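The structure under discussion appears below in the form of structure tokens.
Quick note: the coordinates plus some simple rules give every number you see, no bench work behind them. Bear in mind the structure is a predicted one, so any value in this text is a computation, not a measurement. All Cβ positions, glycine included, derive from the backbone under ideal geometry; neighbour counts span all protein chains shown.
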Amino acid sequence: MTNAVDGQAALAAIKEAVGDNGWLADAANMAPYVNEWLKILEGTCQMVVRPGTTEQVAQVVRICHDAGIPITPQGGNTGMVGGAVPNGGIVLSTQRLNSIRELDADNATLTVEAGCLLADVQAAAADAGFLFPLTLASEGSCRIGGNIATNAGGNNTVRYGNTREQVLGLEVVLPDGRVWDGLRGLRKDNTGYDLKQLFIGAEGTLGVITAAVLSLVPAPRDRITAMAATESWDDLLKLFRIMRRRLSGSLVAFEVFTDLGIKITVDHIDDANDPFTDGHRLYALMEATCYDNEAAVREAVETGLGEAFEDGIVTDAVLAESGQQAANLWNVREGLPEAQSMESMVIKHDVSVPISRIPEYVAKGGALVEETIPGARLLPFGHMGDGNLHFNMLQPDDMERDVFLAFKGDINRKLHDLAIAMGGTFSAEHGIGLNKVGDLAHYRSEVELDLMARIKQAFDPANIMNPGKVIDIGSRVSAF
Ligand code: FAD
Ligand code: MLT
Ligand code: ZN
């Protein structure tokens with residue numbers, strides 16, 4: 001803020017712009033907006049602002065721009081990298097921007113406001129016979145603007161790609177308060193720079209997304225869901241290859257987790273049950289969709305599993321016989337991110353490497369964890385079909401929280417170095433936020449960093465939009 005008096009006047013003007021329902025300023029009510037769900041970062045802010053319309057968002061941003069007040073855009077606050085945690089200024093929550101504006105069945109598009117819950121977007125698509133394919137375990141709490149701002153990945157990317165692939169148009173309030181109406185639902189539109197792509201994955205550093213036109217696909221007629229057990233990462237990879245060859249475009253998900261993953265999920269999550277009678281080392285949950293011939297897709301899954309049994313790759317498997325059984329299998333996978341935080345403190349990673357190198361990454365990364373944090377319980381899981389693992393680790397029982405967390409910088413660097421050396425990345429789907437600003441500066445080239453800083457500078461020269469997240473232009477300003 002420029003000075004305290006101007007700041008107070010600006011906050012009063014914001015309150016007037018959004019009305020009584022549109023702001024919160026006492027500490028207890030603001031707590032869920034300033035602290036992250038992982039219980040590590042604790043932010044601060046002067047006010048949480050909850051505009052109800054795009055015009056109100058524009059008014060609020062204009063006031064902040066003129067007074068130099070930092071804005072932290074926020075959806076469901078389920079992010080993994082601290083991007084929505086404020087450091088002063090205001091939190092701009094999209095919670096009240098939650099209307100489904102239009103479903104256009106002829107063009108298979110859905111226009112929604114940024115604060116719609118992902119689950120509500122999925123339901124609106126399903127009600128009209130479509131599928132909105134983005135699926136995350138946080139879908140009941142994250143909001144579509146947050147998904148777009150993080151370019152979220154999730155469990156269906158093997159077939160449908162990341163959020164970016166589902167977005168046709170955006171409406172954005174720019175850091176100076178102007179509204180960019182890019183709500184076009186076209187599949188083809190080569191008219192200069194594709195501006196929407198800049199806001200997708202920008203994590204709120206270039207503007208506030210207020211609405212989006214999403215691309216829908218026809219709802220599949222059926223899904224075939226199976227879980228298989230293997231005893232090695234090499235076998236998981238072989239299983240993936242078999243399934244990809246047999247199912248091709250029908251394969252939508254190939255998620256993996258370990259014996260520790262299944263154990264803590266069953267321990268902590270009420271409706272998660274281990275479908276196997278015997279314990280195994282590793283598990284793959286796979287799903288295929290059918291658009292016409294269900295029998296053929298089921299047969300392909302069965303034949304693939306049969307081949308894997310014959311080759312000694314798979315030691316046990318279950319094929320869901322009903323929607324309920326499929327949901328039960330998914331409960332084991334979807335309960336895992338929450339279960340890990342209920343079990344203990346977690347140090348999280350989000351690496352990706354070429355799929356063929358996943359077993360090598362697990363072996364080398366596991367050794368690094370063992371030598372760096374003796375007793376840490378390794379918990380790799382995630383989206384193996386995309387080459388993306390959450391190479392997480394749990395606090396040892398006999399280690400204090402702060403002692404464990406003190407290893408974070410060291411182990412992050414080692415595991416990120418390993419991913420980069422193997423042709424991978426240190427952030428596959430969660431983004432950069434606050435936690436990985438140093439990693440971005442360390443691993444990305446001067447040219448890339450210069451271009452990113454110039455983009456940020458061009459959109460937000462006053463640096464009020466989520467400052468300090470993704471790229472710290474304060475420290476790169478000499479580049480201009
Ligand atoms: P927030 O956390 O509120 O914000 C995230 C970032 O986006 C911040 O930088 C914020 O400033 C910015 N932002 C939010 N809304 C806007 C807006 N309207 N305009 C501009 N910027 C905005 N992520 C995955 O990718 N894959 C997974 O499989 C996955 N699984 C998860 C499972 C669980 C149980 C949980 C808790 C989280 C998971 N996540 C996953 C992380 C998280 O849910 C996603 O990153 C999600 O997209 C964040 O949405 P949100 O609305 O909560 O955003
Ligand atoms: C998931 O895939 O469930 C989340 O992205 C993982 C996490 O909790 O790290
Ligand atoms: Zn994930």
Task: Between helix 54-67 and the chain: long-axis angle, C-alpha atoms, 0 to 90°, nearest 10 - done: 60 degrees
Task: the range 367-425: GluC sites (Glu not before Pro) falling in loop per DSSP and having at most 12 other Cβ within 10 Å - done: Glu400
TODO: Note the full-extension length gain between Arg184 and Glu310 as 0.36 nm times their separation in residues minus their Cα-Cα distance, in nm to one decimal.
DONE: 40.2 nm
Open item on the list: Within 10 Å of each candidate Cβ there may be at most 12 other Cβ atoms; applying that plus a DSSP loop requirement, which GluC sites (Glu not before Pro) in the range 145-251 survive?
Closed with: none
Task: Mean-position separation - Cα centroids, the range 89-113 and the range 382-447, in angstrom - done: 32 Å
Task: Expected 222 nm ellipticity per residue - DSSP helices of 4 or more, -39500 (n - 2.57), all of the chain, to 500 - done: -11000 deg cm²/dmol
Task: Mean Cβ count within 10 Å, highest first, over the residues of peptides 143-154, 106-117 - done: 143-154, 106-117
Task: Euclidean distance of C-alpha centroids, the range 320-373 and the range 173-213, integer Å - done: 33 Å
TODO: Evaluate the Kirkwood expression for the hydrodynamic radius of the chain, namely the inverse of the mean inverse distance over all pairs of different C-alpha atoms, and round to one decimal in Å.
DONE: 23.4 Å
Task: Order of Tyr291, Tyr33 under a 10 Å beta carbon neighbour criterion, fewest first - done: Tyr291, Tyr33
Task: Between the range 233-277 and the range 1-65, the alpha-carbon center distance in angstrom - done: 42 Å
